Amino acid sequence: MKKAVEAKNLKIDSAEIHLVADNTVKVEGKDAENLISLMEALEEHDDVQKVHANFDIDDKELARIGTGN
Amino acid sequence: MSGHSKWATIKRKKAVTDARRGKIFTQIIKEITIAAKMGGSNPDGNSRLRLAIDKAKASNMPADNIKRAIQKGTGELPGVNYEDAIYEAYGPGGVAIIIETVTDNKNRTISDIRHVLERNHGKIATTGAVSFQFHKKGIILVPRAAISEDELLSVILDAGADDMKTEGDVYSIVSSLKILKR
């Protein structure tokens, strides 16, 4: 897959193994804010390599929470 | 069709602006060390090491640091004895979470993880409680600016991808592990 994408001269941002859930859970409001804080706090711990979760948050909701900007 | 990993794309955006390079380097070095310990120093026969080295290079890690991390794993250089440990948890809204750690002290790590969860509306779950819902997949992120969705879709479906989603300014391509590196 990586080579097929590279063959089109496309830049790859990342190619990694993730645990992907069969079904996602929609989260919004206060839960979404708390969830992002939790994910960030876990990722920040020195022993943590990767965190996976089965949530889905709307892009609009993400913009409201202000993550990644 | 499988689901996707929203966190993978959120994290990418964060990484772009993440000033905490030190943390990213530490993470990659640990991953290289443990990958070399488990599967040997040759990346051709050790896909975990291969992926970790690719990530190190993408982060502009000097070749010397990569080499030293490998030698620590194989025991050529003295190093810390790292172990993998995976924890399962519930977050706000009943979200299922899997936390992958590499540690030299599992007791410290689990106690720290519990603490982080408790402070952030989460709780630890028993082993197996949430992991059955997850499957290992290869995720490739490609910036949207360079290609149209239709064109990329036809390339990756030909190559055997499971799924593709548009997430903000990137395409997120989901494939099986077997074909990720092809």
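All of the numbers you see were taken from the coordinates with simple rules; none came from a lab. Keep in mind it's a predicted model, so treat the numbers as computed, not measured. Every residue, glycine among them, receives a Cβ derived from its backbone with ideal geometry; neighbour counts consider all protein chains shown.
So how tilted is helix A:29-44 from the main axis of chain A? Cα-based, degrees 0 to 90, rounded to 10. The angle comes out near 60 degrees. Applying the criteria of a DSSP loop state and at most 14 other Cβ atoms within 10 Å to the trypsin sites (Lys or Arg not before Pro) of the stretch A:39-69 yields no site.
Of all DSSP bridge pairs formed entirely within the protein assembly as shown, close to 95 percent run antiparallel. By definition, a body whose alpha carbon gyration tensor gives a ≥ b ≥ c is oblate when a/c is 1.5 or more and a/b is not larger than b/c, and the protein assembly as shown fits this oblate description.
Both the radius of gyration and Dmax for the stretch B:42-182 are 18.8, 51 Å, in that order, over alpha-carbon atoms. Which value, in debye to the nearest 20, describes the size of the charge dipole of the protein assembly as shown about its Cα centre when Lys and Arg Cβ atoms bear +1, Asp and Glu Cβ atoms bear -1, and nothing else is charged? Dipole size: approximately 660 debye. Using the Cβ-Cβ distance between B:Ser154 and B:Asn81 with R0 set to 41 Å, the FRET efficiency works out to roughly 0.30.
Between B:Gly168, B:Gly22, B:Gly93, the GNM of chain B built on Cα springs shorter than 10 angstrom shows B:Gly93 fluctuating the most. Restricting to DSSP H runs of at least four residues, report the calculated mean residue ellipticity at 222 nm for chain B, -39500 (n - 2.57) per run over all residues, nearest 500 deg cm²/dmol. That calculation yields -14000 deg cm²/dmol at 222 nm. Each Lys and Arg contributes +1 and each Asp and Glu -1, all at the Cβ; summed about the Cα centre of chain B, the dipole is approximately 540 debye.
How large is log10 of I(q)/I(0) for the stretch B:138-180 at q = 0.17, 0.22, 0.32 Å⁻¹ when the intensity is taken from the Debye formula with one equal scatterer per alpha-carbon? Each listed q maps to, in turn, -0.39, -0.65, -1.22. The orientation-averaged projected area of the convex hull spanned by the Cα atoms of the stretch B:83-133 comes to 3.4 nm².
With the simple model of a label 7 Å out from the Cα in the direction of the Cβ, B:Asp169 to A:Lys30 spans 3.4 nm.
Across the stretch A:19-69, the relative contact order, built from alpha-carbon pairs under 8 Å that are at least six residues apart, equals 52 percent.
Along the charge dipole of chain A, which of A:Met39, A:Met1, A:Ala53 sits closest to the positive end, that is, farthest toward it, with unit charges on the beta carbon of Lys, Arg, Asp and Glu (+1, +1, -1, -1)? So the residue furthest toward the plus end is A:Met1. As a length-normalised measure over Cα pairs under 8 Å and 6 or more apart, the relative contact order of chain B settles at 17 percent. Counting Lys and Arg as +1 and Asp and Glu as -1 over every other residue whose Cβ lies under 12 Å from the Cβ of A:Ala7, the net charge comes to +2.
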